[in-house]
Amino acid sequence: MFKTLFKIIMLAIIAFCGMTVYELWSGNELGILNNTKPKIATTQQPTNKNTVKGNNSNNINSSQQVTSGPSLEERKMTKHERSAIKSIILSVLPERNTWPVPLQKTYILFNMEDIIEPLREKPNWVKLSQMNRDVPQALIAIEDHNFYNHGAIAMESIIRAFLVNLSAGEVVQGGSTITQQLVKNVFLTQEQTMGRKAEEVMLALMLEHQYTKDEILEMYLNTTYLGAGSTGIKEASRKYFDKTPGNLNLAEAAVIAALPYAPSALNPLENTTGCKKRQLLVLQEMQRYGFISQTQYHEAKAQRIWLSNGKIL
(Lines give C-alpha, C1' and ligand atoms only; values in the text may rest on other atoms or scores of the structure.)
Protein backbone atom coordinates (compact mmCIF):
# COMPACT_ATOMS: atom_id res chain seq x y z
CA MET A 1 0.00 0.00 0.00
CA PHE A 2 2.84 2.38 0.93
CA LYS A 3 4.67 1.67 -2.34
CA THR A 4 1.54 2.43 -4.38
CA LEU A 5 0.94 5.68 -2.51
CA PHE A 6 4.58 6.67 -2.95
CA LYS A 7 4.36 5.96 -6.71
CA ILE A 8 1.26 8.13 -7.07
CA ILE A 9 2.88 11.01 -5.17
CA MET A 10 6.06 10.82 -7.26
CA LEU A 11 4.09 10.78 -10.53
CA ALA A 12 2.08 13.78 -9.37
CA ILE A 13 5.25 15.69 -8.42
CA ILE A 14 6.91 14.93 -11.77
CA ALA A 15 3.83 16.02 -13.71
CA PHE A 16 3.37 19.17 -11.62
CA CYS A 17 7.00 20.21 -12.06
CA GLY A 18 6.92 19.47 -15.77
CA MET A 19 3.70 21.42 -16.34
CA THR A 20 5.00 24.36 -14.30
CA VAL A 21 8.20 24.52 -16.36
CA TYR A 22 6.10 24.30 -19.54
CA GLU A 23 3.92 27.22 -18.43
CA LEU A 24 6.91 29.39 -17.58
CA TRP A 25 8.69 28.61 -20.85
CA SER A 26 5.80 28.74 -23.29
CA GLY A 27 3.45 31.23 -21.69
CA ASN A 28 0.57 28.78 -22.25
CA GLU A 29 -1.61 28.41 -19.17
CA LEU A 30 -2.50 24.92 -17.97
CA GLY A 31 -4.09 26.19 -14.78
CA ILE A 32 -1.10 25.05 -12.68
CA LEU A 33 0.25 28.48 -11.83
CA ASN A 34 -3.20 30.00 -11.38
CA ASN A 35 -6.82 28.93 -11.17
CA THR A 36 -7.73 29.29 -14.83
CA LYS A 37 -10.31 26.95 -16.28
CA PRO A 38 -11.12 25.97 -19.89
CA LYS A 39 -13.23 28.73 -21.34
CA ILE A 40 -16.66 27.90 -22.68
CA ALA A 41 -18.43 30.62 -24.57
CA THR A 42 -22.19 30.31 -24.39
CA THR A 43 -24.20 31.29 -27.40
CA GLN A 44 -27.63 32.82 -27.01
CA GLN A 45 -30.35 31.16 -29.02
CA PRO A 46 -34.03 32.02 -29.50
CA THR A 47 -36.23 30.49 -26.82
CA ASN A 48 -38.38 27.75 -28.31
CA LYS A 49 -40.02 25.10 -26.18
CA ASN A 50 -40.17 22.76 -29.17
CA THR A 51 -36.45 22.97 -29.85
CA VAL A 52 -34.55 19.81 -29.01
CA LYS A 53 -30.91 20.28 -28.11
CA GLY A 54 -29.80 17.23 -30.05
CA ASN A 55 -31.33 18.51 -33.29
CA ASN A 56 -29.33 21.72 -33.55
CA SER A 57 -26.99 21.44 -36.55
CA ASN A 58 -24.35 23.92 -35.45
CA ASN A 59 -22.54 21.84 -32.85
CA ILE A 60 -22.84 18.60 -30.89
CA ASN A 61 -23.89 20.37 -27.71
CA SER A 62 -26.22 23.00 -29.11
CA SER A 63 -26.41 25.28 -26.07
CA GLN A 64 -22.67 25.83 -25.92
CA GLN A 65 -19.73 26.38 -28.17
CA VAL A 66 -16.49 25.03 -26.76
CA THR A 67 -13.55 27.35 -27.24
CA SER A 68 -11.02 25.58 -25.01
CA GLY A 69 -7.82 24.39 -26.66
CA PRO A 70 -5.46 26.38 -28.88
CA SER A 71 -6.43 27.65 -32.32
CA LEU A 72 -4.95 25.96 -35.36
CA GLU A 73 -2.47 28.80 -35.92
CA GLU A 74 -1.36 28.78 -32.28
CA ARG A 75 -0.95 25.01 -32.38
CA LYS A 76 1.24 25.18 -35.50
CA MET A 77 3.57 27.69 -33.82
CA THR A 78 3.77 25.66 -30.65
CA LYS A 79 4.34 22.45 -32.60
CA HIS A 80 7.16 24.01 -34.61
CA GLU A 81 8.89 25.43 -31.55
CA ARG A 82 8.54 22.26 -29.55
CA SER A 83 9.72 20.12 -32.45
CA ALA A 84 12.94 22.13 -32.79
CA ILE A 85 13.71 22.01 -29.08
CA LYS A 86 12.80 18.33 -28.87
CA SER A 87 15.13 17.43 -31.72
CA ILE A 88 18.05 19.20 -30.04
CA ILE A 89 17.43 17.55 -26.68
CA LEU A 90 16.86 14.04 -28.07
CA SER A 91 20.03 14.25 -30.15
CA VAL A 92 22.19 14.38 -27.03
CA LEU A 93 20.25 11.82 -24.99
CA PRO A 94 20.44 8.01 -25.12
CA GLU A 95 17.69 5.99 -26.85
CA ARG A 96 14.31 6.69 -25.29
CA ASN A 97 13.58 3.01 -24.57
CA THR A 98 16.59 3.02 -22.21
CA TRP A 99 15.26 5.87 -20.08
CA PRO A 100 13.83 5.21 -16.61
CA VAL A 101 10.11 4.43 -16.80
CA PRO A 102 8.99 7.64 -15.01
CA LEU A 103 11.00 9.70 -17.51
CA GLN A 104 9.46 7.85 -20.47
CA LYS A 105 6.00 8.56 -19.11
CA THR A 106 6.84 12.22 -18.61
CA TYR A 107 8.03 12.42 -22.22
CA ILE A 108 4.72 11.01 -23.46
CA LEU A 109 2.86 13.52 -21.29
CA PHE A 110 4.41 16.44 -23.22
CA ASN A 111 4.57 14.79 -26.65
CA MET A 112 1.13 13.28 -27.15
CA GLU A 113 1.05 14.28 -30.80
CA ASP A 114 3.74 11.67 -31.53
CA ILE A 115 1.09 9.02 -30.85
CA ILE A 116 -2.12 10.82 -31.82
CA GLU A 117 -1.24 12.34 -35.19
CA PRO A 118 -0.31 9.01 -36.88
CA LEU A 119 -3.70 7.65 -35.75
CA ARG A 120 -5.54 10.55 -37.38
CA GLU A 121 -3.83 9.82 -40.69
CA LYS A 122 -5.11 6.24 -40.94
CA PRO A 123 -7.51 5.47 -43.84
CA ASN A 124 -10.31 4.32 -41.49
CA TRP A 125 -10.36 7.65 -39.65
CA VAL A 126 -13.76 9.38 -39.83
CA LYS A 127 -14.16 13.07 -39.04
CA LEU A 128 -16.89 14.09 -36.63
CA SER A 129 -18.58 16.07 -39.40
CA GLN A 130 -18.86 12.90 -41.50
CA MET A 131 -20.79 10.98 -38.85
CA ASN A 132 -24.52 11.02 -38.26
CA ARG A 133 -24.90 13.50 -35.39
CA ASP A 134 -26.88 10.91 -33.43
CA VAL A 135 -23.66 8.89 -32.93
CA PRO A 136 -21.68 11.40 -30.80
CA GLN A 137 -24.86 12.56 -29.07
CA ALA A 138 -25.75 8.99 -28.10
CA LEU A 139 -22.22 8.41 -26.81
CA ILE A 140 -22.26 11.58 -24.70
CA ALA A 141 -25.69 10.75 -23.27
CA ILE A 142 -24.68 7.30 -22.01
CA GLU A 143 -20.97 7.75 -21.20
CA ASP A 144 -20.48 11.36 -20.07
CA HIS A 145 -23.59 13.52 -20.34
CA ASN A 146 -21.81 16.64 -19.03
CA PHE A 147 -18.82 16.22 -21.37
CA TYR A 148 -18.90 19.76 -22.77
CA ASN A 149 -19.33 21.41 -19.37
CA HIS A 150 -16.51 19.94 -17.28
CA GLY A 151 -12.78 19.68 -17.75
CA ALA A 152 -10.66 16.61 -18.33
CA ILE A 153 -11.93 15.08 -15.11
CA ALA A 154 -15.25 15.29 -13.28
CA MET A 155 -14.39 15.70 -9.62
CA GLU A 156 -17.76 14.56 -8.29
CA SER A 157 -17.39 11.28 -10.18
CA ILE A 158 -13.79 10.85 -9.06
CA ILE A 159 -14.68 11.41 -5.40
CA ARG A 160 -17.58 8.96 -5.56
CA ALA A 161 -15.43 6.30 -7.21
CA PHE A 162 -12.56 6.95 -4.78
CA LEU A 163 -14.77 6.32 -1.75
CA VAL A 164 -16.13 3.11 -3.24
CA ASN A 165 -12.64 1.88 -4.14
CA LEU A 166 -11.25 2.84 -0.74
CA SER A 167 -13.98 0.86 0.96
CA ALA A 168 -13.34 -2.16 -1.27
CA GLY A 169 -9.56 -1.95 -0.99
CA GLU A 170 -9.18 -2.10 -4.78
CA VAL A 171 -10.37 -0.34 -7.94
CA VAL A 172 -13.92 -1.60 -8.51
CA GLN A 173 -15.59 1.52 -9.91
CA GLY A 174 -14.50 4.15 -12.41
CA GLY A 175 -15.29 7.84 -12.49
CA SER A 176 -13.88 8.41 -15.94
CA THR A 177 -14.86 11.10 -18.41
CA ILE A 178 -14.73 10.48 -22.16
CA THR A 179 -11.32 12.17 -22.16
CA GLN A 180 -10.02 9.75 -19.54
CA GLN A 181 -11.43 6.80 -21.46
CA LEU A 182 -9.64 8.00 -24.58
CA VAL A 183 -6.37 8.24 -22.66
CA LYS A 184 -6.83 4.68 -21.44
CA ASN A 185 -7.52 3.45 -24.97
CA VAL A 186 -4.57 5.21 -26.61
CA PHE A 187 -1.84 5.63 -24.00
CA LEU A 188 -2.34 3.13 -21.19
CA THR A 189 -3.08 -0.51 -20.43
CA GLN A 190 -6.34 -1.82 -18.97
CA GLU A 191 -4.61 -2.42 -15.63
CA GLN A 192 -6.79 -1.30 -12.73
CA THR A 193 -4.41 0.22 -10.16
CA MET A 194 -4.29 3.51 -8.31
CA GLY A 195 -0.93 4.34 -9.93
CA ARG A 196 -2.34 3.86 -13.45
CA LYS A 197 -5.36 5.98 -12.50
CA ALA A 198 -3.02 8.82 -11.47
CA GLU A 199 -1.26 8.61 -14.85
CA GLU A 200 -4.64 8.64 -16.57
CA VAL A 201 -5.68 11.87 -14.85
CA MET A 202 -2.43 13.67 -15.72
CA LEU A 203 -2.57 12.59 -19.37
CA ALA A 204 -6.23 13.63 -19.60
CA LEU A 205 -5.43 17.11 -18.28
CA MET A 206 -2.71 17.58 -20.87
CA LEU A 207 -4.89 16.13 -23.66
CA GLU A 208 -7.63 18.68 -23.03
CA HIS A 209 -5.04 21.46 -23.06
CA GLN A 210 -3.80 20.48 -26.51
CA TYR A 211 -7.05 19.43 -28.21
CA THR A 212 -10.63 20.70 -28.30
CA LYS A 213 -13.64 18.77 -27.01
CA ASP A 214 -14.80 17.99 -30.56
CA GLU A 215 -11.37 16.64 -31.46
CA ILE A 216 -11.33 14.44 -28.36
CA LEU A 217 -14.80 13.10 -29.15
CA GLU A 218 -13.68 12.33 -32.70
CA MET A 219 -10.57 10.54 -31.41
CA TYR A 220 -12.64 8.47 -29.01
CA LEU A 221 -15.07 7.30 -31.68
CA ASN A 222 -12.19 6.33 -33.97
CA THR A 223 -10.03 4.48 -31.44
CA THR A 224 -12.47 2.67 -29.14
CA TYR A 225 -12.92 -1.08 -29.48
CA LEU A 226 -16.57 -1.78 -30.37
CA GLY A 227 -16.65 -5.58 -30.46
CA ALA A 228 -16.50 -8.28 -33.15
CA GLY A 229 -12.93 -7.30 -34.05
CA SER A 230 -13.99 -3.74 -34.85
CA THR A 231 -12.04 -0.73 -33.59
CA GLY A 232 -13.56 2.64 -34.38
CA ILE A 233 -16.86 3.84 -35.77
CA LYS A 234 -16.12 3.05 -39.42
CA GLU A 235 -15.29 -0.62 -38.85
CA ALA A 236 -18.20 -1.10 -36.45
CA SER A 237 -20.75 0.54 -38.79
CA ARG A 238 -19.64 -1.71 -41.63
CA LYS A 239 -19.44 -4.83 -39.45
CA TYR A 240 -22.88 -4.54 -37.87
CA PHE A 241 -24.98 -2.66 -40.43
CA ASP A 242 -23.06 -2.63 -43.75
CA LYS A 243 -23.26 1.16 -43.61
CA THR A 244 -20.99 4.18 -43.31
CA PRO A 245 -21.09 6.25 -40.08
CA GLY A 246 -22.88 9.02 -41.95
CA ASN A 247 -25.76 6.73 -42.96
CA LEU A 248 -26.63 5.34 -39.55
CA ASN A 249 -30.07 6.14 -38.17
CA LEU A 250 -30.89 7.01 -34.56
CA ALA A 251 -31.63 3.43 -33.50
CA GLU A 252 -28.35 2.18 -35.02
CA ALA A 253 -26.37 5.04 -33.48
CA ALA A 254 -27.71 3.99 -30.07
CA VAL A 255 -26.40 0.47 -30.70
CA ILE A 256 -22.90 1.83 -31.40
CA ALA A 257 -23.00 3.97 -28.24
CA ALA A 258 -24.08 0.93 -26.21
CA LEU A 259 -20.94 -1.05 -27.07
CA PRO A 260 -18.04 0.68 -25.20
CA TYR A 261 -19.56 -0.47 -21.90
CA ALA A 262 -18.86 -4.15 -22.76
CA PRO A 263 -17.94 -4.49 -26.46
CA SER A 264 -17.50 -8.26 -26.57
CA ALA A 265 -20.41 -9.16 -24.31
CA LEU A 266 -22.82 -6.76 -26.07
CA ASN A 267 -21.82 -7.63 -29.65
CA PRO A 268 -25.25 -7.50 -31.38
CA LEU A 269 -24.30 -10.24 -33.84
CA GLU A 270 -23.90 -12.64 -30.91
CA ASN A 271 -26.03 -11.15 -28.12
CA THR A 272 -29.09 -9.42 -29.57
CA THR A 273 -30.98 -9.49 -26.27
CA GLY A 274 -28.21 -7.90 -24.18
CA CYS A 275 -27.39 -5.33 -26.84
CA LYS A 276 -31.06 -4.37 -27.27
CA LYS A 277 -31.41 -3.81 -23.52
CA ARG A 278 -28.38 -1.50 -23.48
CA GLN A 279 -29.53 0.28 -26.66
CA LEU A 280 -32.86 1.13 -25.03
CA LEU A 281 -30.98 2.59 -22.07
CA VAL A 282 -28.96 4.78 -24.45
CA LEU A 283 -32.16 6.07 -26.09
CA GLN A 284 -33.66 6.71 -22.66
CA GLU A 285 -30.62 8.76 -21.63
CA MET A 286 -30.69 10.69 -24.92
CA GLN A 287 -34.25 11.76 -24.19
CA ARG A 288 -33.44 12.48 -20.55
CA TYR A 289 -30.67 14.92 -21.47
CA GLY A 290 -32.54 16.59 -24.31
CA PHE A 291 -30.75 15.14 -27.34
CA ILE A 292 -33.98 13.68 -28.77
CA SER A 293 -37.67 14.32 -28.29
CA GLN A 294 -40.14 11.92 -26.73
CA THR A 295 -41.52 11.15 -30.18
CA GLN A 296 -38.06 10.33 -31.52
CA TYR A 297 -37.42 8.14 -28.49
CA HIS A 298 -40.54 6.04 -29.04
CA GLU A 299 -39.95 5.75 -32.77
CA ALA A 300 -36.35 4.59 -32.34
CA LYS A 301 -37.35 2.26 -29.51
CA ALA A 302 -39.87 0.49 -31.73
CA GLN A 303 -37.69 0.41 -34.85
CA ARG A 304 -36.51 -2.98 -36.09
CA ILE A 305 -32.81 -3.01 -36.91
CA TRP A 306 -31.47 -5.35 -39.60
CA LEU A 307 -27.99 -6.56 -38.81
CA SER A 308 -25.39 -7.57 -41.39
CA ASN A 309 -25.80 -11.28 -40.52
CA GLY A 310 -29.54 -11.20 -41.23
CA LYS A 311 -30.65 -11.05 -37.60
CA ILE A 312 -33.12 -8.45 -36.38
CA LEU A 313 -32.38 -6.41 -33.26
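Do we have residue 124 as modelled with pLDDT under 90, on the phi < 0 side of the Ramachandran plot and outside the structural domain of residue 256 (by TED's automatic domain parsing) here?
Judged against the criteria, residue 124 is not a match.
Working only within region 87-105, note down all residues that are in a helix (DSSP H, G or I) and either more than 18 Å from residue 203 (Cβ to Cβ) or polar (S, T, N, Q) (or both).
Correct list: 87, 88, 89, 90, 91, 97, 98, 104.
In region 253-277, what residues are in a helix (DSSP H, G or I) and free of Cβ contacts under 8 Å to residues at least 60 places away in the same chain?
Applying the first criterion (in a helix (DSSP H, G or I)) to region 253-277 yields 253-261, 272-277.
Scanning region 253-277 gives 255, 259, 272, 273, 274, 275, 276, 277.
Taking region 257-269 as the region of interest, how many residues are closer than 14 Å to residue 306 by Cα and either of a type in the set (Lys, Arg) or buried (at least 23 other Cβ atoms within 10 Å of the Cβ) (or both)?
The qualifying residues number 1.
Looking at region 238-251, can you tell me whether even one residue there is modelled with pLDDT of 95 or more and among the hydroxyl-bearing types (Ser, Thr, Tyr)?
Taking region 238-251 as the starting set, the residues that turn out to be modelled with pLDDT of 95 or more are 238-251.
Next, only the ones that are among the hydroxyl-bearing types (Ser, Thr, Tyr) stay: 240, 244.
Yes: one or more hits.
The values are calculated or read from the model by the stated rules, or taken from the named source; none is laboratory data. Bear in mind that the values here come from a model prediction, so they are computed numbers and not experimental data. Note that we place each Cβ from the backbone using ideal geometry, even for glycine, and neighbour counts take in every protein chain shown.
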